[in-house]
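Readers should treat all values here as calculations from the given coordinates under stated rules, not as data from a laboratory. Please read all numbers here as calculations on a predicted model, not as lab measurements. When we count neighbours, we look across all protein chains shown, and the Cβ atoms used for this are built from the backbone with ideal geometry, even at glycine.
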Amino acid sequence: MGHALETWGLVATIKAPTAEVLRFVAYHLELGAHRLHIYLDAPDAATYAPLKANPKVRVTQCDARYWKNRKRPEKHQVRQTVNATRTYRRQAETAWLAHIDVDEFLWPQTTVADALSALPPHINCARLRPREALPGDNELFKDCVPSGPERDKITQQIYPTFGAYVKGGFMSHVAGKLFVRTGLPDIEFRIHNAFQNGQTNPGHQTLDTMALCHAHAQTWDAWIAAYRFRLAQGSYRSELAPNKSRTEGGLTMHELLSVIEDESGQSGLKRFYDELNAVDPVVRQNLQNRGMLHACPLHLDRAMRKHFPDFS
């Protein structure tokens, strides 16, 4: 007789159009989520209503009433941490909880429950390694060049113009996200890591049987529309670390993109986008040759039709 499969849930703080939120929720319901904790960073009645009606979703409007007992943090990254930690400590309702974003989608080899249930009891933090979406309708995702002594060399071989300035060939994070086993005391659940009394990610292991598909830049129009916000406050903000040490010529993504824009304007940004997203056929072939491309058909619209038919 096999062991019982462990339950799992997600927490996400979201500010996005209703259809985008519902597709994210529908996809993970279809994967077997037991609980989805959705915090609407900007109160939205149209999004709230269908989520509230689903028994597996716990939805919270982050309005003035929600923040009445503490000042609303100015940075959205801090609000994400507050909400994820609150959920973990007070209402997880599952054996495992992951903290991800609305443009991220779990991709297990079999099922999420299988992957988590196979972990030994001393593992409390399971890391999901990211894949980045490529443009187009075929739902292709690419791997990051793994860390190690050859990472910089390989990255530059794949991405000949900009590879020297981007960590692992990714436009967004290479750290991935975490599932954390619930019930641990004093956990602070941040964006990429969990902390317990000064210890980072207690009982940590990379989960090789599940990836995190990140739709960070699926179209040029969507990427350039989000570019200014990301440069000022988001994943390209100036406070983040460079791709490698300063002594080795490292630049932050903020610095790199600012230089490209200053020197070449939007056409330069488009060249950067095309290379990093393998619109350039040479880059795509480089990725293919190294086995770094993966077909991950998410079928978001199909999940939407099943779980939220009135909105599909």
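Please list the non-local residues whose amide H lies under 5 Å from the amide H of Lys15, H modeled 1.01 Å from N, same-chain partners needing a gap of 5 or more.
Hits under the 5 Å cutoff: Asp41.
Using alpha-carbon positions, what is the distance between the centroids of the range 201-223 and the range 110-174, in Å?
7
Go through the range 280-291 residue by residue and turn each phi into a ³J(HN,Hα) via Karplus (6.51, -1.76, 1.60, θ = phi - 60°); whole Hz please, and just put x for glycine and proline.
Listing the rounded values in order: 5, x, 5, 5, 4, 5, 4, 5, 4, 4, 9, x Hz.
What is the helix-to-structure angle for 76-90, meaning the angle in degrees between its Cα long axis and the longest Cα principal axis of the chain, kept from 0 to 90 and rounded to the nearest 10?
That helix lies at roughly 30 degrees to the long axis.
Each residue of the range 18-25 in order: what ³J(HN,Hα) in whole Hz does its phi give by Karplus 6.51 cos²θ - 1.76 cosθ + 1.60, θ = phi - 60°, with x for Gly and Pro?
3, 4, 5, 5, 5, 5, 4, 5
In degrees between 0 and 90, to the nearest 10, how far off the longest principal axis of the chain does helix 253-276 point, with axes built from Cα atoms?
Approximately 90 degrees, to the nearest 10.
Express in whole angstrom the spacing between the alpha-carbon centres of the range 85-104 and the range 226-259.
So the two Cα centres are separated by 28 Å.
Name the long-range amide H neighbours of Ala194: under 5 Å, sequence gap of 5 or more, or other chain; modelled H, no Pro or chain starts.
Asn201
Of (1) 23.5, 101; (2) 19.3, 59; (3) 19.6, 65, which is the value of Rg and Dmax of the Cα atoms in Å derived from the coordinates here?
Here the calculated entry is (3).
Could you run the Karplus curve 6.51 cos²θ - 1.76 cosθ + 1.60 with θ = phi - 60° over the range 213-223 and give me ³J(HN,Hα) per residue in whole Hz, x for Gly and Pro?
7, 10, 8, 7, 8, 5, 9, 4, 4, 5, 5
Please report the spacing between the Cα centers of the range 1-37 and the range 283-299 in Å, no decimals.
So the two Cα centres are separated by 26 Å.
Pairs to check: Lys52/Lys75; Lys142/Lys270; Lys52/Lys306; Lys15/Lys177; Lys142/Lys306; Lys153/Lys270. Give those whose C-alpha atoms are more than 21 Å from each other in this structure. Please report the intermediate quantities before stating the final value.
On the way: Lys52/Lys75 26 Å; Lys142/Lys270 19 Å; Lys52/Lys306 17 Å; Lys15/Lys177 19 Å; Lys142/Lys306 28 Å; Lys153/Lys270 24 Å.
Going by Cα-Cα distance, Lys52/Lys75; Lys142/Lys306; Lys153/Lys270 fall outside the 21 Å limit.
How much mean residue ellipticity at 222 nm does the chain get from its helices, if each DSSP H run of length 4 or more adds -39500 (n - 2.57) and you divide by all residues, to the nearest 500 deg cm²/dmol?
Working: 9 runs with 105 residues, N = 312.
Value at 222 nm, helices only: -10500 deg cm²/dmol.
Among Asp103, Asp221, Asp114, rank each residue by its count of other Cβ atoms within 10 Å, from fewest to most, as a rough exposure measure.
On the way: Asp103 20, Asp221 8, Asp114 15.
Ranking Asp103, Asp221, Asp114 by Cβ neighbours within 10 Å, fewest first, gives Asp221, Asp114, Asp103.
Pull up all non-local amide H partners of Arg131: gap of 5 or more, or a different chain, and H-to-H distance under 5 Å with H placed in the peptide plane.
So Arg131 has HN proximity to Leu212, Cys213, His214.
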